[in-house]
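Worksheet: one structure, shown below.
The values are calculated or read from the model by the stated rules, or taken from the named source; none is laboratory data. Just so it is clear, the structure is predicted and the values come from calculations on it, not from any experiment. Counting neighbours? That spans all protein chains shown, and the Cβs are built from the backbone with ideal geometry, glycine included.
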Amino acid sequence: MMQIELSANQTGTKTFGIGNIRFIAPSWQTSSRILFLFLLLVLFLYLILAFGREGIDNPWLEMNTRYQQFILLQIRLPRALVAIGAGMTLALSGALFQITTRNALGSPDIIGINAGAAVGIMVALLFWPGVLPIPVGALIGAVVAVLLVYVANGAVNGEIQTAKIVLSGIAVAALCMALVDFAISNTRIEQAQQIRSLLSGSLANRGWQDVMLISSMLVFMPILFWLGKQLNYISLGNDIAITLGVPVRLVQIISILLAIIFATLSVLVVGPVAFVALAAPQIARRLILHKGVALFCSMLVGALLMLSADFITLILPTPGRLTVGLVTAVIGGIYLMYLLYMEFRRIG
């Protein structure tokens, strides 16, 4: 029978074991902050479900008609679950890219992965409709974007130069979005509207099929469980990780592949939402005071950012509900300026 036990080593670090596997036990401060994030996520989920522009004040108290049931179960709940799933996939993608590239700006929207997936979607819709599935096209586009960044980065010897990764990514992203804009401007109005609806960074008209698609991220949870410990060692430095027996190159390849898959999933479901992947891992590391990888906390922060941005679109007094991508772009732009300001202060 598997036993769970709690102990402390000579340095005072608390660990707990499940069978022969041992883990570092989180501190009380870390646990309390994660619990606070979870409760805040539940609160925003309730607010998203309880308030809306469809005329129902509280669906939990007003479920008397089929219309009210339809509003809650077919419109609000799928939209909220898609927001949570997309926030989690974006946060995981950003965390994996940042630790692999050793760059705080290494997120899929900054280094061109989202833009590459957008080009793949465009190609699947315009050139091979019905032949090339849209998810496959998006994944191919994202992989090609990564390869272009890799080549533009000049990593001939296999080493990623962190000083160039952002510049290479910005160039690739600009090229990809230029291709998308050119294709949209030269297609029929119906096709252009279909492409724009997929690439608008929106949660509108999302249904249970989108929930199922974004939920496919759960398939990769066992791999993430293994990666978390390995990436924590790599965050100490490749030399230290190698001495500890970590297959650094293999871990980096798996991390990049998973980051591409998560970024592609988010683009397929909600479009290229900006800055969630950039901000969520950094906020998570600051909350738990950890210099390594905080994948679970990053997932919570990413889901919270998406839900809170969607709630902002709900309460803003605008004629129509804004896209969530617009709100995250505004918030993310302010956060990016803050990061640059802190970086300049550190250098100066």
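Per-structure values
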{"item": "Answer from L287, L340 - the residue that is within 20 Å of the chain's Cα centre (by Cα), surrounded by fewer than 21 Cβ atoms within 10 Å (Cβ to Cβ) and at pLDDT below 85", "result": "L287"}
{"item": "Count of the stretch 66-117 residues which are part of a helix (DSSP H, G or I) and under 19 Å from V172 (Cβ atoms)", "result": "13"}
{"item": "Subset of the stretch 314-342 (residues that are in contact (Cβ under 8 Å) with a residue 40 or more places away in the chain and either touching a helix residue (DSSP H, G or I) at 6+ places or on another chain (Cβ under 6 Å) or under 15 Å from L278 (Cβ atoms) (or both))", "result": "R321, V324, G325, T328, A329, I331, G332, G333, Y335, L336, L339"}
{"item": "Which listed residue is outside any helix (DSSP H, G or I), farther than 17 Å from A142 by Cα and either polar (S, T, N, Q) or out of contact with any His (no Cβ under 9 Å at 6 or more places or on another chain) (or both), from V273, V246", "result": "V246"}
{"item": "Pick from the stretch 168-205, criterion of a type in the set (S, T, N, Q) and part of a loop (DSSP other than H, G, I, E, B), ranking: nearest to the chain's Cα centre (by Cα)", "result": "S202"}
{"item": "Given (1) farther than 30 Å from Q282 by Cα; (2) modelled with pLDDT under 80; (3) crowded, with 19+ Cβ neighbours inside 10 Å, number of the condition I110 does not satisfy", "result": "(1)"}
{"item": "Scope the stretch 204-233; condition at pLDDT below 85, among the hydrophobic types (A, V, I, L, M, F, W, C) and closer than 23 Å to L73 by Cβ; matching residues", "result": "A204"}
{"item": "Residues located in the stretch 143-167, provided they are more than 22 Å from the chain's Cα centre (by Cα) and either in a helix (DSSP H, G or I) or modelled with pLDDT of 80 or more (or both)", "result": "V151, A152, A163, K164"}
